[in-house]
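Here's the structure we're looking at; comments come further down.
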Amino acid sequence: MTYGSDMNSNCQSPREKSPSQSVCVLGLGLIGGSLLRRLTACGYPAFGWNRSTATVEQAAADGMDVSGDLPATLQRAAREDALLVVAVPLFAVPELLAQIAEYAPQCPLTDVVSVKVQVLRAVQEAGLAATYVGSHPMAGTENSGWGATDPSLFENATWVVMTGGAESVTARVREISEAAGAVVVETDPVSHDGAVACISHVPHLVAEALSVAAVTEQVGGGDTALRLSAGSFRDGTRVAGSAPALVRAMCEGNREAVLPVLAETIALLQQSYDELSQQGTCETLVEAGYAAHQRYRTMMKELGR
């Protein structure tokens, strides 16, 4: 990876900056940390906070302007009218919002959490809805923590920005998204959560199930299966390497949208099981799956990906 000034050639060209256009990233894991790296490399007056002392020390060693003192960080953000970017797991959002409400309630606010309805509810309960526009970069890996951060993580990725918020805040969220190299798509929280249940959250659960089956000796799994594994298993289970707490947070936090998608997935697999056991064929699911994947490939081609 290349950091610092070497990244400047990849940056977008945001308008001339001033202290009022500062960005404060709260949480320096894979997404938040990668964003802080990118914005710093692009010349933004960006700074960040993380609860973990070890993470703060790692980020500081890499040249980032970071702190482990949340009140002080939020007070600085208030002075600079910084755009606050909440980049902590869903379970930590309410506590962080309470601190924001106390120390920086007037700051423009966004988040990069993978669930939007639950975050919006928490923002409303904290009394911060007037300055909030939710967002979610559709990027990531199975790795986590500062060591996994990458300033090029968002290149050509979709960055979803929620509709209905203040135009001034929306403009600032769009600006950092584009500076990160992403393509902005706008939608509403309910539509977002339904979509990510299909393309992210349930795939995580499926990957977990495939991983468990592969080590279950009663069905032929175990060490031999793992030694024989190749591309299909690797690709199908990659996200099972994600931190369990993060997977639980997004699936449990998006429960209302995940349940019907999970039910549909189970029904399709059950149908295939019934056909294979009773008729010796799995044609229905395989043909339907192939057609669905062709539709996906066509759309990706149209989008230039």
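The values are calculated or read from the model by the stated rules, or taken from the named source; none is laboratory data. From a predicted model like this one, the values you see are computed outputs, not experimental measurements. When we count neighbours, we look across all protein chains shown, and the Cβ atoms used for this are built from the backbone with ideal geometry, even at glycine. For the accessible areas, the whole protein counts, side chains as well, though only heavy atoms, and no ligand, DNA or RNA atoms are used. Shrake-Rupley method; radii C 1.70, N 1.55, O 1.52, S 1.80 Å.
Checked across segment 239-247, the condition of being among the polar types (S, T, N, Q), in contact (Cβ under 8 Å) with a residue 12 or more places away in the chain and not in a helix (DSSP H, G or I) holds for at least one residue.
Comparison of Gln118, Gln124, Gln218 shows that the only residue that is in contact (Cβ under 8 Å) with a residue 24 or more places away in the chain and either charged (D, E, K, R) or open to solvent by 20 Å² or more (accessible area, probe 1.4 Å) (or both) is Gln118.
May I ask you to list the residues in segment 42-78 that are more than 20 Å from Ser135 (Cβ to Cβ), in contact with a helix residue (DSSP H, G or I) (Cβ under 8 Å, 6 or more places away or on another chain) and assigned to a helix (DSSP H, G or I)? Residues satisfying the conditions are Thr55, Gln58, Ala59, Leu70, Pro71, Gln75, Ala78. The selection criterion, being of a type in the set (D, E, K, R), surrounded by fewer than 16 Cβ atoms within 10 Å (Cβ to Cβ) and out of contact with any Gly (no Cβ under 6 Å at 6 or more places or on another chain), does not hold for Arg38.
Of the set (1) over 23 Å from the mean Cα position of the chain (by Cα); (2) within 20 Å of Ala166 (Cα to Cα), all apply to Leu83 but (1).
Yes or no, residue by residue, for (1) touching a Phe, Trp or Tyr at 6+ places or on another chain (Cβ under 7 Å); (2) closer than 16 Å to Val112 by Cα; (3) touching a residue at least 60 places away in the same chain (Cβ under 8 Å):
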residue: Val56; (1), (2), (3): no, no, no
residue: Ala60; (1), (2), (3): no, no, no
residue: Asp65; (1), (2), (3): yes, no, no
residue: Leu70; (1), (2), (3): yes, no, no
residue: Val86; (1), (2), (3): no, yes, yes
residue: Val93; (1), (2), (3): no, yes, no
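Report yes if Ala98 is of a type outside the set (Lys, Arg), in contact (Cβ under 8 Å) with a residue 24 or more places away in the chain and either surrounded by 17 or more Cβ atoms within 10 Å (Cβ to Cβ) or over 26 Å from His192 (Cα atoms) (or both), otherwise no. No: the conditions fail for Ala98. Of the residues making up segment 41-65, those that are open to solvent by 20 Å² or more (accessible area, probe 1.4 Å), under 19 Å from Ala92 (Cβ atoms) and among the small types (Gly, Ala, Ser) number 2.
Test Tyr296 against the criterion of being at pLDDT below 95 and hydroxyl-bearing (Ser, Thr, Tyr), and give yes or no. Yes; evaluated as a whole, the condition is true for this residue. Selection over segment 127-145 of residues that are over 15 Å from the mean Cα position of the chain (by Cα), buried (at least 20 other Cβ atoms within 10 Å of the Cβ) and outside any loop (DSSP other than H, G, I, E, B) gives a count of 2.
Residue check: Ala240 meets all listed conditions (1) touching a helix residue (DSSP H, G or I) at 6+ places or on another chain (Cβ under 6 Å); (2) within 18 Å of Lys116 (Cα to Cα); (3) of a type in the set (A, V, I, L, M) but one, namely (2). For segment 11-35, enumerate the residues that are assigned to a helix (DSSP H, G or I), open to solvent by 10 Å² or more (accessible area, probe 1.4 Å) and at pLDDT 90 or above. Across segment 11-35, the qualifying residues are Leu30, Ile31.
The residue that is farthest from Gly33 (Cα to Cα), counting only those in segment 132-174 that are touching a Leu at 6+ places or on another chain (Cβ under 8 Å) and of a type in the set (Phe, Trp, Tyr), is Tyr132. Residues of segment 275-302 that are more than 22 Å from Pro203 (Cα to Cα) and either open to solvent by less than 100 Å² (accessible area, probe 1.4 Å) or in contact with a helix residue (DSSP H, G or I) (Cβ under 6 Å, 6 or more places away or on another chain) (or both): Glu275, Leu276, Ser277, Gly280, Thr281.
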